[in-house]
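Heads up, the thing below is written out as structure tokens.
The values are calculated or read from the model by the stated rules, or taken from the named source; none is laboratory data. On a predicted model such as this, the values are computed, not experimentally measured, just so you know. All Cβ positions, even for glycine, are placed from backbone atoms using ideal geometry, and neighbour counts span all protein chains on display.
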Amino acid sequence: MNRQSGARAYQDSMRFSRQLPSLAALLAGALVLAACASNSSGQGSGNGRLQIDNFDPFSGPNSSYGVYEQAGCVPAVNLINAAGGVLGHKFYCSITDSRGDPADAVPAAQQLLATSPNLVAIVDQDSGVLTATVPLFNTAHITDLSIGGDIPFDTNHYTYFWRTIPGDDVAGYSFAAYLKHYTKYTKVASVFTNDQSAQGNVPGLLKGSKNLNLSIAANETLALDQTSYETEVQRLIAAHPQVMVLESDPQTAGVLFGELKQANGLMPTVLTSGTEGVSFDRAMVAAIGRADYLKYFVRVIQFAPSAGYAWQVWNRALMAAAKAGQVKTPSVYASSIYSEDPYDNVNMIALAMLEAHSTNPVKYNPYIKKVTTGSTVVHSFAQGKAALAAGKTINYAGVEGQVNFDQYHNSAGVWGVFQPLTNKLITSIPASLVAGAEGR
Amino acid sequence: MSLIPGIIAFGLYSACLYAIGAVGFTLQFGVTNVLNLAYGAILTSAMYVDYAIGRGTPSIWFGILIGAVWGALVSVVFGRVIVMPYVRRGASLVAMAMVTIGVALIVQYTLEAIQGPFVYSYQVAQQSTVRIAGVTMSEEQLIIIGAAVVLMIAVHALLQYTRLGLAMRATAVHPSLARSCGVSTERVRTTAWLVSGALCGISGVLLGISTGSFDSVTGASFFITVVVAAIIGGVGKPYGAMIGALILGLVSSAAAAVISPDYKDIAAWVILIVVLVIRPQGIFAEFSSGRELIG
């Protein structure tokens, strides 16, 4: 296709040809940026009710997090409203799609703040966007109870930011503690995708392994969503690790483990909380089959027992929300920290408002810590409301158990080792062993 | 164990996936001069259609058929209903590209709405494997390589040995002259959309089956690589796209093995930049056509 007709056409096409690749690259880049554009959406009508926003990815690779967290927010709000609300106010859970990406999350947060006069709190922002969005919510004086593990927030100084899970680096230490104290493996492969959320686990895993005399046989960073990871597979196999620790998105994991199995290279693998979700499990079953997935894999995540009064209240509320058509497939969320955490967070926000006698974040924000340090232990919003009405100070110990906010507004808990798919608890890892991996 | 056989085998495998998409993209551009940035979205839509019709059970041959039919149909409709009216009104290259971006986003967000928050995963049965030169490849991967080779030969035959191919090449180089020589450029451009769409759909289905799981942006990410392969080879040049895809597949595979997997994508972009510095028109292209948009 390259005949020329005359010098003029030759020159024209020469100029065009020189510009075209640059133009194509530029426009292709624009397409990707546009494809990643914000999809912010507030759901639910306010009708004068107070708005608690679930600011999470509802699209993109981490979109299942948003669904999990909304499944926690809705039952909490239902229970609070059923118990008469807070100071005459009722609540609703809205959603805003952060897409899990700062470039999308920032305009979404700005739009949320600009258009939500009844917004009183943010719940459960996920990893990867905190550095970009927390300053915005903090400046707007909106209380933000997050589940994001971004490492810079290990020593956070934002007044309105609270985190009821440990940082992603602490998760890394928990993997090392698990391998050291609960398995016979000593040669570890660290395999994480190159996104900020996954990479947050790596420093803790490397330092924890060193502290516990485990050797790192391979330390691989994977580019996301490639058509083949065979060369990575070969590098891994050549390093002869006994066990792998991995976080990736579902598609990357599907391709990687499909090829690993093809090369007879499947090995015991520890998954992180970043792999929790139906999408990841489906991709893995599709790639290697259910039997191998159950045989080789465990998932180490923050642990909340599926028992006790707090869990029963939560579970009943979840099932009621499902019956009302607000939540689908509730069994998926009943024992997931990603749903339990926002449930607890909404309860803490409502109880803090009660104790502060105000729904204004400026007034109630300091009470977030106070409702977890009082003298009367309560396990539900209704119990807390009754105790406060009786003039007592409360200590909310919800589904996740006791909350202990430190000076940086962080609270760490116990870790559990679970079988994927069945979510069967294999063992729990006490905080002392994780602290040991941290060298404390 | 040496990494070289693996680099070659799986670099080739990746190249085959890239090549099908890149040839389709560049072929349509070469003939119509429309930079179709909705290509990735159409590619993704083919995955959804195949998944829906096959009820989540992958079948490469059936999938190729579905992908080809769907991609061809959507592309022809896209070319005639959306692109052509703009071209008739004298839309510029950039304006036309922006329209295709708009269409891409419409398709992507529609798929996102259909899909919901979870990715789709094929139900994959245990596959038989073949060991070649120390590298284990699945039957599926070998079929994909084979299918890509057959498709590339078919494109070559179409362009070199048929009257239609000759007409396509003539239209690509000089549409006015081709028209004055009796070539029905309207028929040619429709055929270009059709062939390009078929390759786009096939590329999407094979990508979906090879990765096992996909969502509404899977094709958009892959499309960038497809565009890079096309540009490296020379936009509008099907043979260039094949070579571009091969270079990309092998180099990114080698970068992952020799340096670090983290450098896979970086290597692809470095190649692009180096090629554009040395040969702005791409490796294969002498000079692209494109004096006028012909939709």
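Data for the structure
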{"quantity": "Residues of region A:52-69 satisfying the condition of being among the charged types (D, E, K, R) and either at the interface with another protein chain (Cβ under 9 Å from one of its Cβ atoms) or not in a helix (DSSP H, G or I) (or both)", "calculated": "A:ASP53, A:ASP56"}
{"quantity": "Pair list, Cβ < 6 Å and 6+ apart or interchain, from region B:136-157 residues that are free of Cβ contacts under 8 Å to residues at least 60 places away in the same chain to residues that are assigned to a helix (DSSP H, G or I) and crowded, with 16+ Cβ neighbours inside 10 Å", "calculated": "B:THR136/A:GLN262; B:SER138/A:GLN262"}
{"quantity": "All positions within region A:328-372 that are farther than 15 Å from A:LEU87 by Cβ, assigned to a helix (DSSP H, G or I) and among the basic types (Lys, Arg)", "calculated": "A:LYS369, A:LYS370"}
{"quantity": "Matching residues in region A:386-434 - criterion: being out of contact with any Asp or Glu (no Cβ under 9 Å at 6 or more places or on another chain), without any contact (Cβ under 8 Å) to a residue 40 or more places away in the chain and either crowded, with 18+ Cβ neighbours inside 10 Å or among the hydrophobic types (A, V, I, L, M, F, W, C) (or both)", "calculated": "A:ALA386, A:ALA387, A:ALA389, A:ALA390, A:ASN395, A:ALA431"}
{"quantity": "Filter pass, B:MET96 being facing chain A (nearest Cβ under 8 Å) and crowded, with 19+ Cβ neighbours inside 10 Å", "calculated": "no"}
{"quantity": "Restricting region B:104-151 to residues that are more than 27 Å from A:ALA291 (Cβ to Cβ) and among the polar types (S, T, N, Q), the residue that is surrounded by the fewest Cβ atoms within 10 Å (Cβ to Cβ)", "calculated": "B:THR110"}
{"quantity": "Index of the failed condition, B:SER75 passing every other in (1) out of contact with any Gly (no Cβ under 7 Å at 6 or more places or on another chain); (2) more than 14 Å from chain A (Cβ to nearest Cβ); (3) in contact (Cβ under 8 Å) with a residue 24 or more places away in the chain", "calculated": "(1)"}
{"quantity": "Any helices (runs of 4 or more DSSP H) falling wholly within region A:233-327 and containing at least 3 residues that are more than 14 Å from A:ALA189 (Cα to Cα), among the small types (Gly, Ala, Ser) and outside the structural domain of A:VAL77 (by TED's automatic domain parsing)", "calculated": "A:250-262, A:278-288"}
{"quantity": "Which numbered condition B:SER216 misses (of (1) polar (S, T, N, Q); (2) more than 7 Å from every other protein chain (Cβ to nearest Cβ); (3) over 24 Å from A:GLN234 (Cα atoms); (4) part of a helix (DSSP H, G or I))", "calculated": "(4)"}
{"quantity": "Test set (1) in contact with a Ser or Thr (Cβ under 8 Å, 6 or more places away or on another chain); (2) at negative phi - A:ASN423 fails condition number", "calculated": "(2)"}
{"quantity": "Residue within region B:188-210 that is within 14 Å of another protein chain (Cβ to nearest Cβ) and not in a helix (DSSP H, G or I) present", "calculated": "no"}
{"quantity": "Candidate set: region A:104-120, residues that are under 14 Å from A:THR139 (Cβ atoms) and either in contact (Cβ under 8 Å) with a residue 60 or more places away in the chain or not aliphatic (A, V, I, L, M) (or both); chosen: the one surrounded by the most Cβ atoms within 10 Å (Cβ to Cβ)", "calculated": "A:LEU112"}
{"quantity": "Hits in region A:272-284 (condition: of a type in the set (A, V, I, L, M) and out of contact with any Phe, Trp or Tyr (no Cβ under 6 Å at 6 or more places or on another chain))", "calculated": "A:ALA283"}
{"quantity": "Residue in region A:349-367 that is of a type in the set (Ser, Thr, Tyr), assigned by TED's automatic domain parsing to the domain that holds A:TYR92 and within 20 Å of the chain's Cα centre (by Cα) present", "calculated": "no"}
{"quantity": "Residues being surrounded by fewer than 24 Cβ atoms within 10 Å (Cβ to Cβ) and among the β-branched types (Val, Ile, Thr) - total across region B:189-216", "calculated": "2"}
{"quantity": "Criterion violated by A:GLU69 - all others in (1) among the acidic types (Asp, Glu); (2) at pLDDT 85 or above; (3) outside the structural domain of A:ILE147 (by TED's automatic domain parsing) satisfied", "calculated": "(3)"}
{"quantity": "Qualifying residue in region A:69-80 (condition: surrounded by fewer than 24 Cβ atoms within 10 Å (Cβ to Cβ) and more than 23 Å from A:SER335 (Cα to Cα))", "calculated": "no"}
{"quantity": "Matching entry among A:LEU222, A:LEU212, A:LEU145 (being in contact with a Ser or Thr (Cβ under 9 Å, 6 or more places away or on another chain), more than 14 Å from chain B (Cβ to nearest Cβ) and among the hydrophobic types (A, V, I, L, M, F, W, C))", "calculated": "A:LEU145"}
{"quantity": "Residue in region A:268-277 that is at the interface with another protein chain (Cβ under 10 Å from one of its Cβ atoms), closer than 30 Å to B:LEU206 by Cβ and at pLDDT below 95 present", "calculated": "yes"}
{"quantity": "Enumeration of residues in region B:252-268 that are surrounded by 19 or more Cβ atoms within 10 Å (Cβ to Cβ) and either closer than 16 Å to B:ILE224 by Cβ or charged (D, E, K, R) (or both)", "calculated": "B:SER252, B:LYS264, B:ASP265, B:ALA267, B:ALA268"}
